[in-house]
Number of protein chains: 2
Amino acid sequence: MTASTDDRFIEAMGAIAQAEGTPRIAGQIVGYLALAGEARSLTDIASGLGVSKASVSTNVRMLEARGQAIRESRTGSREDHWRVLPPPHEGMLSAMSDRFLRHAERIEALAQAMPPGADGKRETVHGFAQFYRSASELLHDWSVSARREATAADPVPQTSGT
Amino acid sequence: MTASTDDRFIEAMGAIAQAEGTPRIAGQIVGYLALAGEARSLTDIASGLGVSKASVSTNVRMLEARGQAIRESRTGSREDHWRVLPPPHEGMLSAMSDRFLRHAERIEALAQAMPPGADGKRETVHGFAQFYRSASELLHDWSVSARREATAADPVPQTSGT
DNA sequence: CAATTCGTTAAATCTGGACTGAACGAAGTG
DNA sequence: CACTTCGTTCAGTCCAGATTTAACGAATTG
């Protein structure tokens, strides 16, 4: 019955991911790999979560692009193996940061295109752009510091020690 | 043709809202009210955006719950009037903060329920909870400071000055 | 008190995007 | 060189949730 608490955690991670606007399966994968502690093959993940390999392939590459998971190509096997690096959250933060930066640039471009009338609209729009820009910076800085902390005191389980 | 840049801003705000996992119309409303600078009735908003009053009603109340918009019940008219308060972003931050706090509590409860085995799983799960908790706190602090800054130097257009 | 207008709710519809199944190319393996 | 296995892609399905239409209660006005 020890699998039950694991499953509940994986389930919760999926729900949270969904609430944050990312695919449910992406969250489940992070939970699964975090609990595993070591790298797992795409097939393992798919059967472990009871979803199609196609879904895992898609989502695990999305996680890779975000820096939340890394691919390990072992020499012996031609299977790819995947692990989350501590903390897996860091990637989430930089994804957020990137998103906000895009928002900032998009809005700022619109502000520039606005007539500089006395109604203050252009300043209002500029204010929005400014907000997104500082949000992006804040998140970026934090993701860096979070990574540093985690690297300092690493409480992550590894099957094979140093 | 000056309405065109306004529309593009409103459009962009809707797209961003959608990208952040909230209803498109909610973002459009924020954009509309921010440009308006003063309070607008529900009917105004609906016709201004070309959407149903039901949608506006639903979304504007969601914004109110988040603190991104406030309702003004004028004595003379029985219409409700709505405005965004500067900065409207602050509500978005506290919404995020709340969400992360819920995540933290949910995960922490699971961590407590986990067997304290030597595999370090419980610590891993606890780490996730910790992450969400500090994220929540960071966002909360920032939303407060953002509000303070905006209140200090208020560049918001008001039709009726002090 | 009838008539109008406002805001909300409930049911129905519509749509974006997650997920799957099947097919394909690449890379080993015998 | 046939055969198996792996990962990806593509077309199709499915579903959550956003939006709308219609109907309702409350408030206002004459």
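The values are calculated or read from the model by the stated rules, or taken from the named source; none is laboratory data. Bear in mind the structure is a predicted one, so any value in this text is a computation, not a measurement. All Cβ positions, even for glycine, are placed from backbone atoms using ideal geometry, and neighbour counts span all protein chains on display. Only protein heavy atoms, including side chains, enter the accessible area calculation; ligands, DNA and RNA are left aside. Shrake-Rupley method; radii C 1.70, N 1.55, O 1.52, S 1.80 Å.
At-a-glance table
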{"item": "Segments classed as helices (runs of 4 or more DSSP H), wholly inside region B:7-102, with at least 1 members that are near DNA strand D (Cβ under 9 Å from one of its atoms) and within 11 Å of another protein chain (Cβ to nearest Cβ)", "result": "B:24-36"}
{"item": "Per-region count, region B:110-121, residues surrounded by 14 or more Cβ atoms within 10 Å (Cβ to Cβ) and more than 9 Å from chain A (Cβ to nearest Cβ)", "result": "0"}
{"item": "Residue A:78 out of contact with any Phe, Trp or Tyr (no Cβ under 9 Å at 6 or more places or on another chain) and open to solvent by 60 Å² or more (accessible area, probe 1.4 Å)", "result": "yes"}
{"item": "One residue from B:54, B:46, B:109, B:26 being modelled with pLDDT of 95 or more and touching a Leu at 6+ places or on another chain (Cβ under 7 Å)", "result": "B:26"}
{"item": "Residues (acidic (Asp, Glu) and either open to solvent by less than 50 Å² (accessible area, probe 1.4 Å) or more than 10 Å from every other protein chain (Cβ to nearest Cβ) (or both)) located in region B:122-140", "result": "B:137"}
{"item": "Test for residue B:151: is it within 8 Å of chain A (Cβ to nearest Cβ) and either at pLDDT 60 or above or open to solvent by less than 90 Å² (accessible area, probe 1.4 Å) (or both)", "result": "no"}
{"item": "Which listed residue is crowded, with 16+ Cβ neighbours inside 10 Å and in contact (Cβ under 8 Å) with a residue 40 or more places away in the chain, from B:10, B:16, B:25, B:29", "result": "B:29"}
{"item": "Residue A:102, sole failed condition from (1) more than 13 Å from DNA strand C (Cβ to nearest atom); (2) touching a residue at least 24 places away in the same chain (Cβ under 8 Å); (3) out of contact with any helix residue (DSSP H, G or I) (no Cβ under 6 Å at 6 or more places or on another chain)", "result": "(2)"}
